[in-house]
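Chemist: Below: one structure in structure tokens.
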Amino acid sequence: MLTRIGIFNLKLTITSTTLNISSNPILRRRTISIMAQRSIAVAITGVGLVGSEFINQLLSFSLPSTPNSRYNPFKIISLSSSGHTLFSPNGLEVTSTSWKDSLTQAPPKDPKDLISELSKLASGSSYNGVVFVDNTSSDSIASLYPLILSQNIHVITPNKKAFSSTSTLYESIKAASLTSGAKYLNESTVGAGLPVVATLKDLVNTGDKVKKVEGVFSGTFSYIFNEFSKPGETEGGEKFSEVVKKAKALGYTEPHPADDLTGSDVARKLTILSRIIPSSQPLPEGYLSVSTTSLVPDPLLKSDANEFMSRLPEYDSKFDELRDEARKNGEVVRYVGVIDLEKGSVKADMVKYPKDHPFATSLGGSDNIIMFHTERYGKRPLIVQGAGAGAAVTAMGVMSDLLKLL
Ligand SMILES: NC(=O)C1=CN([C@@H]2O[C@H](COP(=O)(O)OP(=O)(O)OC[C@H]3O[C@@H](n4cnc5c(N)ncnc54)[C@H](OP(=O)(O)O)[C@@H]3O)[C@@H](O)[C@H]2O)C=CC1
Ligand SMILES: N[C@@H](CC=O)C(=O)O
Ligand code: NA
């Protein structure tokens with residue numbers, strides 16, 4: 001094998017069968033360095049808004065290998081949309097401008113066939129690990145995580161489905177990961193790139209006692225109400241459906257915006273966080289058990305994304321009434337989530353706040369704000385705030401999970 005060795009910056013021909021590497025400290029150090037330079041193989045499923053941005057961030061990533069050179073420790077080995085898959089066990093020759101055309105010309109591939117190819121790579125020695133990145137919002141892809149993890153393939157995803165649906169699926173994900181040692185990382189499922197999942201895990205793992213987690217968990221709702229129900233506005237203002245349209249165009253909504261407006265997206269995030277917190281109270285069995293306020297008019301509940309967006313203006317006057325009622329009392333409307341460990345309740349709700357409340361004055365754009373009330377952060381909660389939706393910040397969260405594998 002001919003390999004460039006980072007720290008020595010020279011080329012070595014290794015015939016490891018003839019060398020007693022383990023007894024020679026210099027060679028041992030060189031061998032470790034070579035191992036570190038093997039790539040991590042990345043298989044990407046879902047190349048929409050977040051997926052495309054993730055590919056760009058991944059292709060432009062590099063680490064220093066010597067004082068004068070850099071290398072990318074990741075190799076993309078597959079790209080899949082719902083109808084096409086590009087796969088090469090040695091790594092795809094793609095650039096940020098070429099991958100889309102190449103993918104559209106590729107044939108379809110059953111995800112299970114892809115997993116069995118990845119499994120061969122995970123058990124071989126060409127790579128320093130294999131990662132499946134799911135950038136879809138698909139339930140069927142999410143249901144494959146136990147199989148993927150059991151093949152010693154790591155899973156990284158912003159897709160909330162697997163971690164917020166039935167506890168049976170969640171438990172099999174945890175079991176598969178424990179058995180094989182493959183990791184699952186899902187920072188972007190809550191607060192996009194904001195360190196929400198990692199912060200909560202750090203609090204729990206270091207022995208703090210979480211009492212309450214509350215805040216604004218939806219970038220879409222945050223943007224909608226920051227624009228639709230402004231503290232300084234006493235009359236007029238944008239139409240609700242227009243603001244929803246803008247939130248969609250900015251990439252904040254779920255592929256089907258009703259998933260945001262029913263409150264399901266917030267309920268899913270609350271479920272994901274609840275499952276990380278040890279609690280004597282029973283956990284929600286899934287997001288459907290979270291007490292949730294929906295803003296979707298009943299007749300639109302079954303419509304697809306296009307029909308939903310085109311019919312939403314029919315209900316603008318209802319939302320005008322909601323805004324007027326809040327204004328009359330000097331209030332604004334916000335959509336919040338609370339996990340109350342002491343009361344044993346998990347709730348996603350629309351709430352009216354006085355117009356000088358921090359949720360009215362300190363949030364803008366798609367900002368999330370998440371407050372952790374714990375034993376250690378007794379009187380003043382630990383607060384995480386910033387953009388909670390959008391392709392760039394979500395892909396950054398996925399990328400930051402990938403870096404945790406290095
Ligand atoms: N947008 C945001 O701000 C945030 C998004 N997320 C999560 O990120 C994920 C992606 O969101 P986003 O990029 O906005 O959504 P998009 O709709 O833009 O992208 C999703 C992509 O998934 C693809 N897809 C669906 N099913 C499959 C399948 N079975 N196999 C392969 N590809 C499939 C679709 O491709 P095709 O067109 O071929 O069907 C689509 O392009 C979602 O789970 C979302 O909840 C999380 C945090 C923030
Ligand atoms: N649709 C979601 C995207 C991030 O999870 C949101 O609006 O927060
Ligand atoms: Na996050």
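Chemist: Any chance you could list the semi-axes, whole Å, largest first, of the equivalent ellipsoid that the Cα gyration tensor gives for the range 279-345, using √(5λ)? Write down the numbers at each step before the final one.
Modeler: Details: eigenvalues 176, 87, 10 Å².
Output for the range 279-345: semi-axes of 30, 21, 7 Å.
Chemist: For the range 169-228, what D do you get in µm² per second when you plug the Kirkwood radius from alpha-carbon pairs into Stokes-Einstein at 4 °C and 1.567 mPa s? Walk me through the numbers on the way to the answer.
Modeler: Values: Rh = 14.0 Å.
Approximately 92 µm²/s, per Stokes-Einstein.
Chemist: Based on the alpha-carbon gyration tensor of the range 54-182, what equivalent-ellipsoid semi-axes (square roots of 5 times the eigenvalues) come out, in whole Å, largest first?
Modeler: Values: eigenvalues 130, 72, 41 Å².
Rounded to whole Å, the semi-axes are 26, 19, 14.
Chemist: A follow-up question, please. Take the Cα radius of gyration of the chain and divide it by 2.2 N^0.38 Å, with N its residue count; two decimals is plenty.
Modeler: Working: Rg = 23.7 Å, N = 406, 2.2 N^0.38 = 21.6 Å.
Cα Rg divided by the expected 2.2 N^0.38 Å: 1.10.
Chemist: Where does the range 266-391 land on Rg/Rh, using Cα atoms and the Kirkwood Rh?
Modeler: On the way: Rg = 16.9 Å, Rh = 17.0 Å.
With Rg and the Kirkwood Rh in hand, the quotient comes to 1.00.
Chemist: Given N residues in the range 126-174, what is its alpha carbon radius of gyration divided by 2.2 N^0.38 Å?
Modeler: Against the compact-globule rule of thumb, the ratio is 1.12.
Chemist: Would you kindly state how much longer the chain becomes between H84 and S180 on full extension, computed as 0.36 nm times their sequence separation minus their alpha carbon distance, in nm to one decimal? Before the final figure, lay out the partial values.
Modeler: On the way: separation 96, 0.36 × 96 = 34.56 nm, distance 2.91 nm.
Contour length minus Cα-Cα distance gives 31.7 nm.
Chemist: Once all Cα-Cα distances of the range 110-196 are split into 5 Å bins that start at 0, what whole-number percent is in each one?
Modeler: Spelled out per bin, shortest first, that is 3, 15, 26, 26, 18, 8, 3, 0.
Chemist: Okay, next question. Exposure proxy check: L273, L203 ranked by fewest other beta carbons within 10 Å?
Modeler: Ranked by crowding around the Cβ, least crowded first: L203, L273.
Chemist: Then there's this: Can you pull the one-decimal nm distance between simple spin-label points at V204 and N329, each 7 Å off the Cα toward Cβ?
Modeler: With each label placed 7 Å out from Cα toward Cβ, I get 3.5 nm.
Chemist: Set the Förster radius R0 to 22 Å, insert the Cβ-Cβ distance between D320 and D356 as r into 1/(1 + (r/R0)^6), and round the FRET efficiency to 0.05. Present the calculation step by step, with values, prior to reporting the outcome.
Modeler: Values: r = 23 Å, r/R0 = 1.05.
Rounded to the nearest 0.05, the efficiency is 0.40.
Chemist: A further question on this structure: Quick check of the Kirkwood formula: for the range 94-252, what is the inverse mean of 1/r over all pairs of different Cα atoms, in Å? Could you put the intermediate results ahead of the total?
Modeler: Numbers: mean 1/r = 0.0528 Å⁻¹.
Result for the range 94-252 stands at 18.9 Å.
Chemist: Treating cross-link reach as a plain straight distance, find the lysines whose alpha-carbon is under 21 Å from the alpha-carbon of K404, omitting any fewer than eight places away in the same chain.
Modeler: K75, K160, K174, K183, K201
Chemist: With labels modelled as points extended 7 Å from the Cα through the Cβ direction, what inter-label distance (nm, one decimal) is found for R38 paired with T104?
Modeler: About 3.8 nm, to one decimal.
Chemist: Applying a 10 Å radius around every beta-carbon, put 143-155, 122-134 in order of their mean neighbour count, most first.
Modeler: 143-155, 122-134
Chemist: Shifting gears a bit: So if I restrict to the alpha-carbon atoms in the range 198-266, what is the Rg, and what is Dmax, the biggest pairwise distance, in Å?
Modeler: For the range 198-266, the Cα radius of gyration and maximum Cα-Cα distance read 16.1, 50 Å.
Chemist: Considering only C-alpha atoms, what is the centroid distance from the range 327-406 to the range 121-166, in Å?
Modeler: The distance from the Cα centre of the range 327-406 to that of the range 121-166 comes to 27 Å.
Chemist: With each label point set 7 Å from Cα along the Cα-Cβ vector, what nm distance links N56 and L405?
Modeler: Here the modelled spin labels are 2.3 nm apart.
Chemist: Further, regarding this structure: Hey, can you rank 58-69, 355-366 by average C-beta count inside 10 Å, highest first?
Modeler: Values: 58-69: 12.7, 355-366: 16.2.
So the peptides 58-69, 355-366, ranked by packing, come out 355-366, 58-69.
No lab work stands behind these numbers, since they all come straight from the coordinates. This is a predicted model, so every value here is computed, not measured. With ideal geometry, Cβ positions are generated from the backbone for all residues, glycine too; neighbour counts draw on all protein chains shown.
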